[in-house]
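Read through the structure below, which is laid out as structure tokens, and then see the notes.
None of the figures in this text is laboratory data; all of them are computed from the coordinates on show. Everything numeric here is computed off the predicted structure, so don't read it as measured data. Methodologically, a virtual Cβ is constructed for each residue, glycine included, from the backbone with ideal geometry; neighbour enumeration extends over all protein chains shown.
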Amino acid sequence: MSTKHDTYGLQFNVSQLLKEPTGATRHYEINIQPFGQLDEDVAVVAPLTGEIKFLRTGSEILVQGILQTIVEKNCGRCLEDFNAPVVFDLEEQFFPTIDVNTGVGVEAPDDADEANRIDAQHTLDLSEVVRQGLLLEIDSVLYCKPNCKGICLQCGQNLNLAQCDCVDDVIDARWASLLQKLETEDKP
Ligand SMILES: [Zn+2]
Ligand SMILES: [Zn+2]
């Protein structure tokens, strides 16, 4: 029985914190089970752990913390799935929708993301910012290992596992230009 919103178990009721003065804090230890796909290419395959702190600032809540897990994604060279550790710093400002004392609606700043709104029930939901944070952090990890040998473009053999019998100099001319292009793109 999970709704769209508590997919990751990262919802916190902040109505009490919002009633407290600026400077009030809450600390949470995070240890939640692997929650699967972050998008169609990346999945979380280990518990998400870490510590976060909520700080009441003005009418907002500043969330800071460090979270870590392991994700699975697909290697851009050998096309095998691989696991990669991810650690990321979370620092996000959250804005109320309703003033907890008066019940009056509150405007968020124009540049505030919808994911950074505390809802009308005073629930602060970290799911989307955590999802985006993990994806951003893993975005630059493209290959299963820096020296991944990729696959043979003729027979499809994963060259990390075994050499194939294809001989380099008989590579079809059509592949040669593609190979050259790939080589160039691989250079940082
Ligand atoms: Zn690879
Ligand atoms: Zn081959």
query: By per-residue mean of other Cβ atoms within 10 Å, what is the highest-first order of 111-117, 121-127?
result: 121-127, 111-117
query: Using modelled amide H (1.01 Å from N, peptide plane; none on Pro or chain starts), what sits under 5 Å from the amide H of residue 30, excluding residues fewer than 5 places away?
result: 50, 51, 52
- prompt: For the residue pair residue 32 and residue 115, what label-to-label distance in nm results when each label sits 7 Å from Cα along the Cα-to-beta-carbon direction?
  reply: 1.3
statement: The helix 127-138 Cα axis meets the longest alpha-carbon principal axis of the chain at an angle in degrees, between 0 and 90 and rounded to 10, of 30
message: Below 8 Å, C-alpha to C-alpha, sequence gap of six or more: please give me the relative contact order for the chain in percent.
response: 18
- prompt: What list of ³J(HN,Hα) couplings, whole Hz, do you get for region 102-116 from phi and the Karplus terms 6.51, -1.76, 1.60, once you set θ to phi - 60° and write x for glycine and proline?
  reply: 9, x, 7, x, 10, 7, 8, x, 4, 8, 6, 6, 4, 5, 9
- line: The FRET efficiency for residue 87 and residue 184, from their Cβ-Cβ distance with R0 = 25 Å and rounded to 0.05, is 0.20
Cβ crowding within 10 Å averaged over residues, with 137-149, 97-109 ranked highest first: 137-149, 97-109
message: Test of understanding: in a Gaussian network model of the chain with alpha carbons linked when under 10 Å, which of 29, 128, 91 would top the mean-square fluctuation ranking?
response: 29
- request: Name the residues whose placed amide hydrogens come within less than 5 Å of the amide hydrogen of residue 94, ignoring near sequence neighbours (fewer than 5 apart) on the same chain.
  value: 61, 62, 63
statement: Here region 74-83 yields Karplus 3J(HN,Hα) values (6.51, -1.76, 1.60; θ = phi - 60°; whole Hz; Gly and Pro given as x) of 9, 5, x, 10, 9, 6, 8, 6, 9, 9
- request: Can you tell me the 0 to 90 degree angle between the C-alpha axis of helix 173-186 and the longest principal axis of the chain, rounded to 10?
  value: 40
